[in-house]
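Shown next, in structure tokens, is the structure this report addresses.
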Amino acid sequence: MKRRDFVKSLPILAVAPSILSYTQKEEIHLVALGTAASKMIGRSSDNLKVDSITFITDKRPRTSKMNCEFIQFTPPHSAYDYYGGHRFLKKEVPMQLELSDQIKQQLYNLQGRIILVAALGRFTGTFMYSPITNYLDSKGLITEGLCSLPFEFEGDFWRKASIKTANCFQGNQKVLDFEQLRKQKGNLSLRSAFKEADEWLMGELMERLG
């Protein structure tokens, strides 16, 4: 190559590494499981540095600002007891739940880094967390988990069920025990306790996103 032609190519060579690093940037996908996690992430959706957000819950969060994917999930009829025209969630661990084709397809399309966030302590988060992480692992997808254990005042059954779910975790999963907040800050009011819990969970998420 002539010296004149080489000098002309220098600007291209200088820019090439930045182009390469951009094209190789790993996508980050956030999956919020259950009502509490979906509401929390919906409120902060515009400030999260992610490529997509998927909500798996009963209703689309009204506070979500960016274009997010919503997949409706409600507990099956077998999860309820019925009395006097009202229904109540049974306090028993259900059989292994199957993921719908819609959930499987959405998860499979999330090529990149996937962060699953769930506040354990209710049906969706507690009993859908493991089937989702198992499915993602079976497809060889890069998955991180961030979830929480409920306060003791939320009920003995749900706390024990959540701990049982958390004890089955494998891989890169982090569990926050909300009861630690009461040990650190005393007997918080209900509103203060849930506010502190949301801030802790969101802080951990923001730290992961960098």
With the condition being in contact with a strand residue (DSSP E or B) (Cβ under 9 Å, 6 or more places away or on another chain) and at pLDDT below 95, I'd like the helices (runs of 4 or more DSSP H) fully within segment 142-210 carrying at least 3 qualifying residues. 156-167, 190-209
What number of residues within segment 61-78 satisfy the criterion of being part of a loop (DSSP other than H, G, I, E, B) and surrounded by 15 or more Cβ atoms within 10 Å (Cβ to Cβ)? 5
Note: among D81, D137, just one is part of a helix (DSSP H, G or I) and either of a type in the set (S, T, N, Q) or surrounded by fewer than 18 Cβ atoms within 10 Å (Cβ to Cβ) (or both), namely D137
Return the total of residues in segment 94-121 being open to solvent by 20 Å² or more (accessible area, probe 1.4 Å) and in contact with a Gly (Cβ under 6 Å, 6 or more places away or on another chain). 1
Pairs only if they're at least six apart or on different chains, beta carbon under 7 angstrom, first in segment 71-97 and within 16 Å of G155 (Cβ to Cβ), second of a type in the set (S, T, Y); list them, first residue then second. F88/Y80; L89/Y80; K90/Y80
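Could you please find all residues in segment 84-93 being over 30 Å from L141 (Cα atoms), in a loop (DSSP other than H, G, I, E, B) and open to solvent by 60 Å² or more (accessible area, probe 1.4 Å)? Show your work before the answer.
To start, the set of residues in segment 84-93 that are over 30 Å from L141 (Cα atoms) comprises 84-92.
Add one more test, that the residue is in a loop (DSSP other than H, G, I, E, B), and what stays is 84-85, 90-92.
Matches in segment 84-93: G84, G85, K91, E92.
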Selected residue [among the hydrophobic types (A, V, I, L, M, F, W, C) and either in a loop (DSSP other than H, G, I, E, B) or modelled with pLDDT of 90 or more (or both)] from I19, I53: I53
When I114 is evaluated against the numbered criteria (1) assigned to a helix (DSSP H, G or I); (2) in contact with a His (Cβ under 8 Å, 6 or more places away or on another chain), which criterion, by number, is the only one it fails? (1)
Pick from segment 125-134, criterion closer than 21 Å to D58 by Cβ and open to solvent by 20 Å² or more (accessible area, probe 1.4 Å), ranking: farthest from the chain's Cα centre (by Cα): F127
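Scan segment 156-188 for residues that are on the phi > 0 side of the Ramachandran plot and free of Cβ contacts under 8 Å to residues at least 24 places away in the same chain and jot them down. Break it down stepwise before answering.
Pass one, segment 156-188, residues on the phi > 0 side of the Ramachandran plot: 171, 186.
Once the filter is applied, which keeps residues that are on the phi > 0 side of the Ramachandran plot and free of Cβ contacts under 8 Å to residues at least 24 places away in the same chain, segment 156-188 yields only G186.
R182: over 27 Å from H29 (Cβ atoms), touching a Pro at 6+ places or on another chain (Cβ under 6 Å), open to solvent by less than 80 Å² (accessible area, probe 1.4 Å) and of a type in the set (D, E, K, R), yes or no? It would help to see each step written out before you state the result.
Values: over 27 Å from H29 (Cβ atoms): yes; touching a Pro at 6+ places or on another chain (Cβ under 6 Å): no; open to solvent by less than 80 Å² (accessible area, probe 1.4 Å): yes; of a type in the set (D, E, K, R): yes.
Criteria not met by R182.
The values are calculated or read from the model by the stated rules, or taken from the named source; none is laboratory data. This structure is a prediction, so every number in the text was calculated from the model and none was measured. A quick note on method: Cβ atoms are made from the backbone with ideal geometry, for glycine too, and the neighbour counts reach across all protein chains shown. Accessible surface is based on the protein model in full, side chains and every heavy atom, while ligands, DNA and RNA are left aside. Shrake-Rupley method; radii C 1.70, N 1.55, O 1.52, S 1.80 Å.
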